[in-house]
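The structure that follows is given in the form of structure tokens.
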Amino acid sequence: MDIAAFMNTELFSLVILPLLIFSARICDVTLGTLRSICVVRGIRFASLLGFFEIWIWILVIGVVVQNLDSAVNYLAYAGGFATGNFVGMTIGKKMIMGHLVLQVISNKNHYMIINELEKSGYGMTVVDAYGRDGSVKMIFTVIRRERLKDALKTINGIDESAFYSVEEVRRVSKSPSIGADSNTRWLMPLFSLARREK
């Protein structure tokens with residue numbers, strides 16, 4: 001059986017073609033999601049991802065347009081789109097590293113939080129502030145994305161009522177260290193390492 005004859009079979013129309021559309025759609029949407037993340041973070045690699053994203057999309061949409069009578073292809077197209085978003089976000093979360101600004105506001109045991117973060121090698125800026133319940137400490141530090149869970153676990157273990165927020169950092173100034181391990185000593189914190197004592 002030649003290729004042309006095979007493409008006219010029910011096996012190809014109902015199984016293989018939808019799978020190809022589904023797989024290609026996963027690829028282009030995954031690339032699109034990663035491209036969006038790279039654009040937000042100012043990574044120029046986004047332009048190359050965009051090229052392949054659109055190239056795959058044109059191929060897929062061309063196949064779908066040529067087979068408008070197949071509902072299976074529509075389902076494959078939509079399913080690939082949804083799956084591609086999930087895959088793209090998962091890959092982006094695991095692979096795209098960087099810096100985060102962690103801001104912590106605590107009105108109790110703040111010195112324990114500061115000491116524990118210092119033991120882990122984090123540089124930080126501590127500011128006296130006033131909140132709804134009185135005097136508080138605002139703690140600013142810059143950490144690697146993959147260390148966020150450990151830092152939050154430390155903070156919540158000391159003060160479960162502590163408020164924290166996390167923001168993306170695109171660029172930071174140079175500094176000797178930002179963590180205790182060798183993988184983080186080259187990082188660059190946003191804030192000075194000066195500590196304001198009570």
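For region 3-95, build the charge dipole from Cβ charges (+1 Lys, Arg; -1 Asp, Glu) around the Cα centre, then report which of SER23, PHE51, VAL63 sits farthest towards its positive end.
Most positive-ward Cα: PHE51.
For the ranges 70-80, 27-37, 151-161, 100-110, what's the packing order if you count other beta-carbon atoms within 10 Å of each residue, average per peptide, and put the highest first? Don't jump to the answer; show the numbers that get you there.
Numbers: 70-80: 16.8, 27-37: 21.3, 151-161: 15.2, 100-110: 18.9.
Packing order, densest peptide first, comes out as 27-37, 100-110, 70-80, 151-161.
Amide H of SER70: which non-local residues (sequence gap of 5 or more, or other chain) have their own amide H closer than 5 Å, using H built in the peptide plane?
Long-range HN contacts for SER70: none found.
Using the Cα atoms of region 3-95, I'd like the radius of gyration and the largest Cα-Cα distance, Dmax, both in angstrom.
My reading of the Cα-based Rg and Dmax gives 14.9, 48 Å.
Please list, in order, the residues from region 106-132 whose amide nitrogen is less than 15 Å from a point placed 7 Å along the Cα→Cβ vector of SER161.
Answer for region 106-132: 106-111, 131-132.
Please list, or write none, the aspartates and glutamates whose alpha carbon is within less than 17 Å of the alpha carbon of LYS108, excluding same-chain residues fewer than 8 places away.
Those aspartates and glutamates meeting the cut-off are GLU116, ASP128, ASP133, ASP159, GLU160, GLU197.
Read-outs throughout are calculated quantities, based only on the coordinates presented, and are distinct from any laboratory measurement. Not measured: the values here are computed from a predicted model. Glycine also receives a Cβ, built like all others from the backbone with ideal geometry; neighbour counts cover every protein chain displayed.
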